[in-house]
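Colleague: A single structure is presented below for examination.
The values are calculated or read from the model by the stated rules, or taken from the named source; none is laboratory data. Computed from a predicted model, the values in this text were never measured in an experiment. Here the Cβ positions follow ideal geometry from the backbone for every residue, glycine too, while neighbour counts run over all protein chains shown.
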Number of protein chains: 6
Amino acid sequence: MPTLLVINPNSNLAVTAGIDTAVSGLRSGLGADISVVGLDGTPFGIETQRDVEAVATPVAEHVAAHGDAYDAFVIACFSDPGLHAAREATDRPVLGIAQSGLLTALSLGESIGVISIGSGSLARHWRTYRSMGIAARVAADLPLGATVAELADTTRLGDRMLATGRRLVHDHGAAVLVLGCAGMAHYRADLERSLGVTVVDPTQAACAHALGAAALGYRTR
Amino acid sequence: MPTLLVINPNSNLAVTAGIDTAVSGLRSGLGADISVVGLDGTPFGIETQRDVEAVATPVAEHVAAHGDAYDAFVIACFSDPGLHAAREATDRPVLGIAQSGLLTALSLGESIGVISIGSGSLARHWRTYRSMGIAARVAADLPLGATVAELADTTRLGDRMLATGRRLVHDHGAAVLVLGCAGMAHYRADLERSLGVTVVDPTQAACAHALGAAALGYRTR
Amino acid sequence: MPTLLVINPNSNLAVTAGIDTAVSGLRSGLGADISVVGLDGTPFGIETQRDVEAVATPVAEHVAAHGDAYDAFVIACFSDPGLHAAREATDRPVLGIAQSGLLTALSLGESIGVISIGSGSLARHWRTYRSMGIAARVAADLPLGATVAELADTTRLGDRMLATGRRLVHDHGAAVLVLGCAGMAHYRADLERSLGVTVVDPTQAACAHALGAAALGYRTR
Amino acid sequence: MPTLLVINPNSNLAVTAGIDTAVSGLRSGLGADISVVGLDGTPFGIETQRDVEAVATPVAEHVAAHGDAYDAFVIACFSDPGLHAAREATDRPVLGIAQSGLLTALSLGESIGVISIGSGSLARHWRTYRSMGIAARVAADLPLGATVAELADTTRLGDRMLATGRRLVHDHGAAVLVLGCAGMAHYRADLERSLGVTVVDPTQAACAHALGAAALGYRTR
Amino acid sequence: MPTLLVINPNSNLAVTAGIDTAVSGLRSGLGADISVVGLDGTPFGIETQRDVEAVATPVAEHVAAHGDAYDAFVIACFSDPGLHAAREATDRPVLGIAQSGLLTALSLGESIGVISIGSGSLARHWRTYRSMGIAARVAADLPLGATVAELADTTRLGDRMLATGRRLVHDHGAAVLVLGCAGMAHYRADLERSLGVTVVDPTQAACAHALGAAALGYRTR
Amino acid sequence: MPTLLVINPNSNLAVTAGIDTAVSGLRSGLGADISVVGLDGTPFGIETQRDVEAVATPVAEHVAAHGDAYDAFVIACFSDPGLHAAREATDRPVLGIAQSGLLTALSLGESIGVISIGSGSLARHWRTYRSMGIAARVAADLPLGATVAELADTTRLGDRMLATGRRLVHDHGAAVLVLGCAGMAHYRADLERSLGVTVVDPTQAACAHALGAAALGYRTR
């Protein structure tokens, strides 16, 4: 069974713990060996482009430093910070959760709806959708108007999350939802139950991708 | 560990056996439980649109008949015959190897090169690339000028396969190759060694996707 | 004057009769020789992907069996079932009503609005729009929320049809409407009168295309 | 039977006569009533953007002056000069040969190859392909390196025409060719015989479109 | 300092004067030598395609006649009439305000919102956006429902202008606005103050482009 | 006259000096006040994604530290490192040379050819072209196969530069060339003279953009 390292590029321990919980289903279901780590000295949340740039090099350096210790790496932030630099640093596959979450959603249904934390990340997200060449499949990307810190409290954002998901499905015709942040996995089950569509947590999706990539000997360099 | 059923929608036993061999690395590497089956009464190879249409309903019916017996299904023909009909027939995830192979390649590198059997399938492939909304990432799709039957003999097509892959990488700038047929997996290792790029066998990629989909509770209905 | 065969790939006699009426203007206006036929043993309506797959081979076989008896063929279902297989079966031109209806609309105005029967066909339609490479010109595709059976009763769906057309024109800026089903032609005149835009019945459009294709010696093989 | 007026917006009588000959098959095959007229005082050929602009208003005014005398109008220059202005001038359908030729080709095969007179028109053509939203289906547009005057002599350009068509089919994978000028129809038969693909003369295609548009009551206003 | 000629291709003296005022900031800020001229005998406003065609040749001829007298030329109508013909007529750079306004906006923010005078120009605008290959970056183009004549009265259209801009920003997510007419510059300051986004007057943008083009020796021929 | 700061995000003094020379024409021609600065502690050249990430934060911090001292900022590296972070750091306009160079080229001709240093930057460039939504206008991006260090010696790379430009123009139909690096400006004159097309040095283009942006009060925040 391949070993994975999931890097949470912020210093928010609750997010790191949430990711650890989110991937437990892959551990039990596939017997996967998945480690999750945060990065000291990084921002509490990745909300601005400045935050994205600040963690890119630390992420790549962390991968470089552990390039032989794991079979594959996952960068657990929806801006995929440092993805291409990390790929230069190791022969092992390195996956970003935005890319993996979106591509996984494309394999499940016609059009994608993305739930983002705040409106400040929408321009960055659309640059990614277009850069990936898949923008025609993204029905809409709607912001919750929340902060990374607020995400931790399920009871607080649950209603807003559901209302946003409902608009994506009913008004924009999304067939699959993607959670546009590494810290939203705990909302997945409720959303699926209420809305009747598959909801992709991008970190889970990237870990599944990474397991396959490691088992099949793919490289991203 | 989820159970997968891989359906080879032709009646060519060598292809069915080749698929079985191709996914053995996922069995040993991930401990996956993968069954491979051919379909009686189908064409020997899927080379024309008539062949594609002929197997679509049998594929969907096979999925419908075994919808409760496996955790996920893979349709192992690069035309993804019957994919959307099969998805209507079960709550479990159903994946097509063209979609999964292409989306996996998109997660590994900038632009994709596809090696196809014959020129007769190129128009059909491009309809798929555009239908998926990813055509901007496909550098080229080059035909071998071979038949399904010829694929079985490695020594015979090896040189042509390598020359085609080399043109995709050097002339068209492909960063990742996708084998455009379910019966080409045995060429993967040689191509990777000679060309220095990752080569995606679409059936392997779809099985890895399906394992994740089953473990994470995705639905494609 | 070329002879055309229009194949209604369902077994709904009212739809077959409606198509026959819809093309009568081409018979009188252009003196065209147009035969319309239904296919026994097919579904009553083509509403699911399973229905689409079920009729693809019968359509292609019907064309193959009559390949010398008509100068051109039209497949009268907005999913264009069996189109590419039928083209392999004859030297004469074979046209699908979705392709012809959409391309005709593109020659008449800037952006297209499509009125579909139910929401279940939207994903299939968008795969077609993208596959054709014309999705940028489709303003919206809105469902009536009706069944094929309900379409026969003009008084019943007339209001809903008009409301849907109005939304396409006023909210989505459609300059031309396309009826997204072979069985909606009898609503065309009312829609045009009420909305002031051209409404393309795709079967009429495909027959006009087919007359030209036959007269000009085009081939689709 | 509807009456059509085909407007050749240059003053080259040989081109006007060639168009008249080119549409004779539609007259005999469909019994169509097609008149062809040149415009006095216009350039001998439409080769520059200055030429295109020079004829736009005369074309629109000619349509306006005869708006009641014909059932539909065709503008027979591959730059579609004055198309949108002419549409403002009459309730009857007005079609341009570039739009109709290209859309007709899209109904016949996967990807289009265009044979243009000179390299000076390529930028203008690509603006049209993108403006129409169909550029993804245009495999290539290759210039003959000829002048409008040279086109009249079949023996002179026949070899170059054939060589250009062959490159479009063999090197660029075009499944259908479009003649990128109103004065190339007399090369069509030879090209089809030699290359084995359908070759669309855009004026013929537009006349067939216009007959259908008139018979079916379409409007382009 | 380069000398520019800005050509207002209509005969509305208020628009010519408004343009002269609009570029005064470039004169004082950059010391630019900018002349503004209207064209006699042209329509009072460019509102229809007929108007666009009517001024194309006069614009090109005006550029041809003054090709040596200025270092660069700007065509000050959002339909860029005669742009490509004018480029054929001089070695000096000729810029259209639609192209320059839109490209400038693309350099400032993620997605563009355009405020147009009337709904009659939307189809023409979208042909331009697609022709330029930038339609993916245009969030929306909303009409004021005004005439060129009404634009002159700030107090009259100010509220409607603001409401339209607000919809572009809040409902369509536009990050930058473009004024879709040469006669709207006097609304720019109010819109920016009220909406908090940059508003591009296309004539100002084109003059800035033209200054750079002249200083750097670019050619558009 | 606005004041500009051009930031060369590498520590190669020859490149900084070359940029200073390249913008001297804007100083003399427009009287512009342009300062050019390198960044200590950065790589000698920006050739890998690691290099791009390494300089993003220093660039943004340099802009933040001098946000009040200049009217506009230009980031002089064709990867536009730190562009979006720098925009968060100041109210003044910040432009990247890749964006400005490409958008300027789009205002000058139909299709763009880019000359890049090495093949390692092609994937990064295409991500940018797609991210900007302008990939349809990029004819080709061809690498010189050189290093940043080699660029300094005109005699050494002149022939290769010319051969690459010739291929872009003749084989790929590029109407305008863009130099894909901040250190190539000294090749511009020779290329234009030999090839007869406009060659855009992206730093010059960005400075012209920035002068306009500052004079017109645009913001990029």
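Colleague: E:GLY109 - would you say it is assigned to a loop (DSSP other than H, G, I, E, B), in contact with a Ser or Thr (Cβ under 8 Å, 6 or more places away or on another chain) and under 28 Å from A:SER119 (Cα atoms)?
Modeller: Yes: the conditions hold for E:GLY109.
Colleague: Kindly indicate whether any position in segment D:41-58 is touching a strand residue (DSSP E or B) at 6+ places or on another chain (Cβ under 6 Å) and at pLDDT 95 or above.
Modeller: The answer is no, given that none of the residues of segment D:41-58 is touching a strand residue (DSSP E or B) at 6+ places or on another chain (Cβ under 6 Å) and at pLDDT 95 or above.
Colleague: Please specify each residue of segment A:98-134 satisfying the condition of being of a type in the set (A, V, I, L, M, F, W, C) and within 14 Å of chain C (Cβ to nearest Cβ).
Modeller: A:ALA105, A:LEU106, A:LEU108, A:ILE112, A:ILE134
Colleague: Can you find a residue that is modelled with pLDDT under 95, more than 11 Å from B:ALA182 (Cβ to Cβ), of a type in the set (S, T, N, Q) and surrounded by fewer than 16 Cβ atoms within 10 Å (Cβ to Cβ) anywhere in segment B:3-21?
Modeller: no
Colleague: Might you check whether a residue that is charged (D, E, K, R) and either under 15 Å from C:GLY96 (Cβ atoms) or modelled with pLDDT under 95 (or both) occurs anywhere in segment C:189-205?
Modeller: yes
Colleague: Can you tell me how many residues within segment F:187-221 are more than 13 Å from chain E (Cβ to nearest Cβ) and surrounded by 19 or more Cβ atoms within 10 Å (Cβ to Cβ)?
Modeller: 1
Colleague: Working only within segment D:151-162, note down all residues that are surrounded by 14 or more Cβ atoms within 10 Å (Cβ to Cβ) and either outside any loop (DSSP other than H, G, I, E, B) or at pLDDT 75 or above (or both).
Modeller: D:LEU151, D:LEU157, D:GLY158, D:ARG160, D:MET161, D:LEU162 - these are the residues of segment D:151-162 that are surrounded by 14 or more Cβ atoms within 10 Å (Cβ to Cβ) and either outside any loop (DSSP other than H, G, I, E, B) or at pLDDT 75 or above (or both).
Colleague: Condition (residue is over 17 Å from the mean Cα position of the chain (by Cα), in a helix (DSSP H, G or I), touching a residue at least 40 places away in the same chain (Cβ under 8 Å) and surrounded by 24 or more Cβ atoms within 10 Å (Cβ to Cβ)) applied to segment B:126-148: is it met by at least one residue?
Modeller: Looking through segment B:126-148, none of the residues is over 17 Å from the mean Cα position of the chain (by Cα), in a helix (DSSP H, G or I), touching a residue at least 40 places away in the same chain (Cβ under 8 Å) and surrounded by 24 or more Cβ atoms within 10 Å (Cβ to Cβ).
Colleague: In segment D:23-53, how many residues are surrounded by 23 or more Cβ atoms within 10 Å (Cβ to Cβ) and either under 24 Å from D:THR128 (Cα atoms) or away from chain C (no Cβ under 14 Å) (or both)?
Modeller: Total satisfying the criteria: 4.
Colleague: Out of (1) in contact (Cβ under 8 Å) with a residue 60 or more places away in the chain; (2) buried (at least 23 other Cβ atoms within 10 Å of the Cβ); (3) within 14 Å of chain E (Cβ to nearest Cβ); (4) aliphatic (A, V, I, L, M), what's the single condition that is false for F:MET184?
Modeller: (3)
Colleague: Counting only residues that are more than 13 Å from chain F (Cβ to nearest Cβ) and among the hydrophobic types (A, V, I, L, M, F, W, C), which one in segment D:135-159 is nearest to C:GLY133 (Cα to Cα)?
Modeller: D:ALA139
Colleague: Just give me the residues in segment E:13-53 being over 30 Å from F:HIS209 (Cβ atoms) and in a loop (DSSP other than H, G, I, E, B), in sequence order.
Modeller: E:ASP40, E:GLY41, E:THR42, E:PRO43, E:PHE44, E:GLY45, E:GLU47, E:THR48
Colleague: While we're here: Of the residues F:LEU108, F:LEU39, only one is within 17 Å of the chain's Cα centre (by Cα), in the same structural domain as F:ALA174 (by TED's automatic domain parsing) and in contact (Cβ under 8 Å) with a residue 24 or more places away in the chain; which?
Modeller: F:LEU108
Colleague: Looking at segment F:107-121, is at least one residue closer than 26 Å to F:VAL36 by Cβ, touching a Lys or Arg at 6+ places or on another chain (Cβ under 9 Å) and at pLDDT 95 or above?
Modeller: Checked segment F:107-121: at least one residue is closer than 26 Å to F:VAL36 by Cβ, touching a Lys or Arg at 6+ places or on another chain (Cβ under 9 Å) and at pLDDT 95 or above.
Colleague: If only one of B:THR164, B:THR203 is of a type in the set (S, T, N, Q), out of contact with any helix residue (DSSP H, G or I) (no Cβ under 9 Å at 6 or more places or on another chain) and in contact (Cβ under 8 Å) with a residue 24 or more places away in the chain, which one is it?
Modeller: After applying the criteria, what remains is B:THR164.
Colleague: Is it the case, given these coordinates, that A:HIS172 is of a type outside the set (Phe, Trp, Tyr), surrounded by fewer than 17 Cβ atoms within 10 Å (Cβ to Cβ), more than 14 Å from chain B (Cβ to nearest Cβ) and touching a strand residue (DSSP E or B) at 6+ places or on another chain (Cβ under 6 Å)?
Modeller: Criteria met by A:HIS172.
Colleague: Mind listing whichever residues of segment D:65-75 are crowded, with 24+ Cβ neighbours inside 10 Å and either under 15 Å from the mean Cα position of the chain (by Cα) or assigned to a helix (DSSP H, G or I) (or both)?
Modeller: D:PHE73, D:VAL74, D:ILE75 - these are the residues of segment D:65-75 that are crowded, with 24+ Cβ neighbours inside 10 Å and either under 15 Å from the mean Cα position of the chain (by Cα) or assigned to a helix (DSSP H, G or I) (or both).
Colleague: Now for a separate question. Hey, among the residues in segment E:81-97 that are under 18 Å from E:CYS207 (Cβ atoms) and away from chain D (no Cβ under 14 Å), which one's nearest to the chain's Cα centre (by Cα)?
Modeller: E:ILE97
Colleague: On the basis of being farther than 16 Å from D:THR220 by Cβ, away from chain F (no Cβ under 14 Å), at pLDDT 95 or above and not in a helix (DSSP H, G or I), does D:PHE78 make the cut?
Modeller: Judged against the criteria, D:PHE78 is a match.
Colleague: Quick check, is B:HIS62 within 14 Å of chain A (Cβ to nearest Cβ) and part of a helix (DSSP H, G or I)?
Modeller: No: the conditions fail for B:HIS62.
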